[in-house]
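The values are calculated or read from the model by the stated rules, or taken from the named source; none is laboratory data. This is a predicted model, so every value here is computed, not measured. Neighbour counts are summed over all protein chains in view; Cβ atoms, including those assigned to glycine, are modelled from backbone coordinates with ideal geometry. The protein model used for the area step is the full one, side chains on, heavy atoms only, and it has no ligands, DNA or RNA in it. Shrake-Rupley method; radii C 1.70, N 1.55, O 1.52, S 1.80 Å.
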Amino acid sequence: MKLGELERTVQRYIHDGGALPAALAAAVAPPATERWQIYAEGYRLRLAEALGTQLPALAARCGRDAFAARVAAFIAVTPSVHRSIRDYGRELPAHLAAGARDVEDELRAELAEFEWQLAAAFDAAPGQPAAVTDLAGVAADNWPALRFRAVPSLARLATTTNAVAAWRAAKAAIDAGAASGPLCDPAPERQAPIEWLILRPRLDAEFRSLPADEAAALDRLLAGDTFGALCEQLAATLGDGGAAALAAAGWLKGWLQAGALERV
Amino acid sequence: MRRSLGFGLGLRPPHYTAILDTAPAVDWFEVITENYLVGGGRPLAFLDAIRARYPVVMHGVSLSIGSTAPLDLNYLAAVARLAARCEPEWISDHLCWTGTGGTNLHDLLPLPYTTEALEHLAPRIHRVQELLRRPLVLENVSSYVSYTSSAMSEWEFLSALVARTGCRLLFDVNNVYVSSRNHGFDPRQFLDGVPAAAVQQFHLAGHLDLGTHVIDTHDAPVRDEVWDLYGHALRRFGCLSTLLERDDNIPSLEELVAELGRARAIASQVLSEAA
C-alpha cells in the first residue's frame with residue numbers, strides 16, 4: 001500500500017470506528033486489531049477530554065454519563081480540522097441545538113455557546129480598542145462618517161433560556177468541588193430573549209447583558225453602519241433626532257469605555 | 001546549537017503562577033507550540049513573562065511532517081511568528097503524521113520505515129527548515145503498530161533521515177523504551193543506532209505498563225527502566241538538554257522539580273564516571 005493510501009485508510013478507521021479493514025490488519029505485525037484499537041480509542045478519549053476541558057460548566061450540568069454520550073455523538077460526525085485540539089468543538093453548541101428535545105437540551109446548547117464564547121475570548125488578540133479620548137479631536141462634521149468594528153475578543157449572543165444562570169451555578173459547583181453529578185439547579189426554563197456582550201478587556205473575559213435597543217444598535221454598528229446611519233435609524237424609531245443622537249452617543253461612550261470597538 | 005540548556009520542564013498552565021512567584025530550580029522550559037498560536041490573552045502574557053526569565057524551546061504536535069497532505073503553510077507562518085516573539089533555542093516536532101486531507105487526529109501516528117517514506121519526508125523537512133530558518137529537531141514517537149512494509153529499523157530510518165536533511169533529533173528515552181517493549185527490540189540497539197552528533201535533546205516521561213504492551217501516557221513519574229536507559233543515553237550522547245514531560249495528572253511544581261533532581265543526579269553520576 002502506498003503511503004497516501006495507508007494514511008487515508010488509517011484515518012478512516014480511526015475516525016469512523018467499526019471493524020478493522022483487512023488492509024490494516026495485514027499492514028502491521030500481530031496482534032493488529034488490539035494495536036490499532038489503541039489509536040482508535042485514544043482518538044475518542046482525547047477529543048472528549050478536550051471538550052470537557054474547554055466546556056467544564058456544560059460537562060458539570062450534564063453529568064459525566066450524559067456529557068460522555070453527547071460528545072461521543074458529536075465526535076462521531078465531526079472530525080477535527082484544527083491544529084490545536086483546544087479549538088475542537090466550535091460546532092458542538094449547534095450540534096446540541098439541532099438535537100434538542102426539551103428545554104433542558106435547549107439550555108445546554110445555549111450554555112455551550114456561552115461557555116465557548118468565553119473560552120474564545122480568553123486568548124483572542126487584544127486588537128486596538130479605541131478610547132473615548134481618541135474621538136475628542138474628531139470634528140463634529142466628521143462624526144456621522146465614523147465607522148467601527150469589534151475588537152477580536154468581542155462576542156454577541158442571545159439566550160432564550162436561563163443558560164447563563166445555569167452556567168453560574170455550574171461554575172460555583174466546580175469551584176466548590178461539588179460538580180460530580182448532573183446539576184438540576186436552576187431548573188431549565190424558557191425566557192424572553194436576553195442579549196449578551198462578551199469581551200476580554202485585559203486578561204479575564206467579562207460579560208454583561210444588554211438592553212434590546214442597545215444590542216440592536218451595537219449590532220448595526222458592527223455590521224458596518226456609520227455612526228450617522230445609526231443615529232438616523234434611531235431617530236426614525238424614536239421620532240426625535242435629538243434624543244436619538246443623545247442615546248447613540250451614550251451607548252458609543254459605554255462601548256468605547258468597555259474596550260469593545262476599534263476604529264475602521 | 002548543541003549547548004546543553006540543562007534540566008527543564010514542560011511549561012503547563014497549572015504552574016504559570018508558581019513559576020513566576022517561586023523562581024524554581026528549573027533551567028529551561030519547553031512550550032507546546034500550538035498552545036500559544038493564539039492572538040493574545042493570559043497564555044501569551046505568561047509565556048512572555050516566563051521567557052524573560054528562562055530559556056524556552058518550542059515543541060509542536062501538529063506539524064504532521066509525515067502526512068501526504070501538503071504542508072500547512074499558514075500553520076508554519078504562525079509558528080514562525082511565535083518563534084519571532086519568544087526566540088526559542090530551537091523548534092521541535094515529531095517524526096510522524098497526525099492526519100491527512102485537512103483532518104487532524106491529534107495523535108502522533110507512526111510511519112512505515114521505507115524508502116518511499118524517506119523520499120516523501122526529505123523535501124518536506126528541507127522546506128520547513130527553509131521556512132523556519134533553522135534545523136528542525138524531530139522526536140522519535142512511541143508506537144503500538146509495526147508496519148510489515150518497513151524495510152529498515154526505526155534507528156536506521158532516523159539515521160537516513162538525518163543524513164538526507166541535516167535535521168536534528170529529540171531523543172525521547174521513554175518513547176524508545178515503550179516502542180522497544182511493544183515491538184520486541186533492544187532499546188540499547190536503538191540508542192547505539194542513531195547518529196550521536198545529531199541528538200539535540202532528551203525527553204523523559206512516564207508510561208503505563210499493561211504487561212502485554214506499554215502505553216505512553218505522560219501521566220505518572222518516570223519509571224526505573226527509563227531512568228536506566230537515560231543513563232545509557234547520557235553515556236552515549238553526552239549530557240544534553242533534558243526535559244521532563246507531564247501532560248496528565250499534573251502534580252505540583254515542587255514535585256516535578258524534585259523528579260527533575262533525579263535526572264540531575266544521574267547526569268552527575270555519569271559525568272563523575274567519565275572524569
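The residues of the range B:158-199 listed by number as losing at least 10 Å² of accessible area in the complex, against the isolated chain and with a 1.4 Å probe, are B:182. Inter-chain neighbour count for B:37-47: the average number of beta-carbon atoms from partner chains within 10 Å of each residue's beta-carbon is 6.
The candidates A:1, B:152, arranged from most to least accessible area with a 1.4 Å probe in the full protein assembly, appear as A:1, B:152.
Mind checking the angle between helix A:3-16 and chain A's longest principal axis? C-alpha axes, 0 to 90 degrees, to the nearest 10. Between helix and principal axis, roughly 80 degrees. Per residue of peptide A:74-84, the mean number of Cβ atoms on other chains within 10 Å of the residue Cβ is 5. The charge dipole of the range B:7-274, taken about its Cα centre with unit charges on the Cβ of Lys, Arg, Asp and Glu (plus for the first two, minus for the last two), comes to roughly 740 debye.
Look at the alpha carbon pairs under 8 Å that are at least 6 residues apart: their mean separation over the length of the range B:102-172 gives a relative contact order of 45 percent.
For chain B, the spherically averaged projection of the C-alpha convex hull amounts to 14.0 nm². Solvent-accessible area lost on pairing B with A (1.4 Å probe, both sides summed) amounts to about 3500 Å². Its relative contact order, with pairs defined as Cα atoms under 8 Å and 6+ residues apart, puts the range B:187-270 at 33 percent. Largest mean-square fluctuation among A:60, A:22, A:216, in a Gaussian network model of chain A whose springs join Cα atoms under 10 Å apart, belongs to A:22. In whole angstrom, the protein assembly as shown maps to an equivalent ellipsoid with semi-axes of 48, 27, 23, each derived as √(5λ) from the alpha carbon gyration tensor and ordered largest first. For chain B, the carbon plus sulfur part of the accessible surface works out to 52%, probe radius 1.4 Å.
Build a GNM of chain B with springs between Cα atoms under 10 Å apart, and of B:62, B:92, B:146 the one that fluctuates most is B:146. Interface residues of the range B:84-108, defined as those losing at least 10 Å² of solvent-accessible heavy-atom surface relative to the isolated chain (probe radius 1.4 Å), are listed as B:97, B:100, B:102, B:103, B:104, B:105, B:106, B:107. Comparing Cα centroids, the range A:209-260 and the range A:170-201 end up 30 angstrom apart.
Going from the chain on its own to the full set of protein chains, the range A:105-136 has these residues losing 10 Å² or more of accessible surface (heavy atoms, 1.4 Å probe, no ligands, DNA or RNA): A:122, A:123, A:125, A:126.
Measuring nothing but protein heavy atoms, the accessible surface of chain A at 1.4 Å probe radius is 56 percent carbon and sulfur. Rolling a 1.4 angstrom probe over the protein heavy atoms with all chains in place gives the range A:1-142 an accessible area of 46 Å² per residue.
Using only the alpha-carbon atoms of the range B:162-275 as identical scatterers, what base-10 log of I(q)/I(0) does the Debye formula give at q = 0.14, 0.16, 0.20 Å⁻¹? For the requested q values the scattering log ratios are -0.58, -0.76, -1.13.
Accessible surface area normalised per residue over chain B is 36 Å², counting heavy atoms of protein chains with a 1.4 Å rolling probe.
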